[in-house]
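Let me begin by presenting the structure, written as structure tokens, before commenting on it.
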Amino acid sequence: MKLSTLMALLMFVGAGLNTAANAQTAYPHVRYNATCYAPPNDDYEAVIQTWVERNRQNNSMDRAYFERQFSEQTFNQMRNHLDCRWMIYRHGTQNVGAFMLKPYEHEGRLPVIVYHRPGQGPQGRVSFRQLAEELAPLAKAGYIVIGSQYPGGGGVHGGMPNGVDEFAGADLQALRQIYEIIEAEPMADSSQITLYGKGRGALMALLSLADQPHPGIRAVVTESALTDVAQWFDERPFSKTQVQAYTTDTTGRSAQARVDDLPDQVRFFLIHGQQDREIGLAQTEAMEAALTQRGLTVDTLIFPRGGHRLERERSRIQDEILQWLDDIH
């Protein structure tokens, strides 16, 4: 038997054993729990080809672009070292998509990062590419990374009632089940939880912290944060059209107005690009001022040339977040 064939067989058997071990955990409310490494995500060539096909109308996102962003070595490291799960959990009569990344090998219980995705509806739904490029580096550093796709956000099977995205309205209640899954995960240290929110996800993280704070939440990281919907509508008039299918009501959709409801022990790390044309830097500056006035601990990182997605800054952002978390724990 060729060495390459033997190695591939060992990788497959090992992944199967890890998947079987994971399946023994019965998570509350979860009705579907399967590996993210199902085809086409089980093979590097298939992964790259899928990404190229999905972006074929963008000439700049060719094969070479994706290979630079996500090398075969990085794929193999993720495949061999991280358990990656797609989940569907029940929230009332709704079925809500979710995801989890965690190391196969670890010592003791691991701290948790609850990721709050950006976008609205299925737009912005976390894909395998986002798991691989943005969240896997955090999990490889020794964290369990988990998050919800939100009601109306997809990530469920066809025909399943998925609920409605209310853009930080009643859909906030669907985040509660994530903490019950964390509590049931044997590897998770539920006393060391960090919330990480991007764009609209920052608003979801902050409002959920104000409404229903889990006692284990120690830190919040926001990136390109939306913190006040009314302010956003005023600063970026196009934004109202962008989300009008989900809400035009700004009532209760301001994290800046809820700083008095945030727990005293939580620390905050706010990241933003000064050239952000979608959600202006003023959103993060106003949130920083409100947190500081309340007397909470805040650190900020502003990229003078950074835009909304901060793609060129991604590697540094991951390093900065991990260093900041190391410093505060």
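Values as computed for the structure displayed
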quantity: Qualifying residue in segment 83-98 (condition: of a type outside the set (A, V, I, L, M), buried (at least 20 other Cβ atoms within 10 Å of the Cβ), touching a strand residue (DSSP E or B) at 6+ places or on another chain (Cβ under 9 Å) and farther than 21 Å from residue 153 by Cβ); calculated: yes
quantity: Selection status of residue 168, closer than 16 Å to residue 88 by Cα and at pLDDT 95 or above; calculated: no
quantity: Selected residue (criterion: surrounded by the most Cβ atoms within 10 Å (Cβ to Cβ)) from residues of segment 56-73 that are acidic (Asp, Glu) and closer than 12 Å to residue 45 by Cβ; calculated: 67
quantity: Residues that are without any contact (Cβ under 8 Å) to a residue 24 or more places away in the chain, aliphatic (A, V, I, L, M) and in a helix (DSSP H, G or I), drawn from segment 49-82; calculated: 52, 64
quantity: Members of segment 285-307 found to be touching a His at 6+ places or on another chain (Cβ under 9 Å) and either hydrophobic (A, V, I, L, M, F, W, C) or not in a helix (DSSP H, G or I) (or both), listed by number; calculated: 300, 301, 302, 303, 306
quantity: Residues satisfying the stated conditions in segment 273-329, i.e. hydrophobic (A, V, I, L, M, F, W, C), within 24 Å of residue 254 (Cβ to Cβ) and in contact (Cβ under 8 Å) with a residue 60 or more places away in the chain; calculated: 279, 287, 310
quantity: Filter result for the condition that a residue is within 25 Å of residue 209 (Cβ to Cβ) and surrounded by fewer than 20 Cβ atoms within 10 Å (Cβ to Cβ), over 121, 163, 155, 159; calculated: 121
quantity: Residues that are among the polar types (S, T, N, Q), at pLDDT below 95 and either touching an Asp or Glu at 6+ places or on another chain (Cβ under 6 Å) or within 19 Å of residue 163 (Cα to Cα) (or both), drawn from segment 234-255; calculated: 244, 247, 248
quantity: Failed criterion for residue 172 (all others in (1) touching a Ser or Thr at 6+ places or on another chain (Cβ under 9 Å); (2) assigned to a helix (DSSP H, G or I); (3) over 22 Å from residue 240 (Cα atoms) hold); calculated: (3)
quantity: Conditions (1) among the hydroxyl-bearing types (Ser, Thr, Tyr); (2) modelled with pLDDT under 95; (3) closer than 23 Å to residue 84 by Cα: number failed by residue 194; calculated: (2)
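The values are calculated or read from the model by the stated rules, or taken from the named source; none is laboratory data. Just so we're clear, the structure is a prediction, and the values are computed from it rather than from any experiment. Note that each Cβ is placed from the backbone with ideal geometry, even for glycine, and that neighbours are counted across all protein chains shown.
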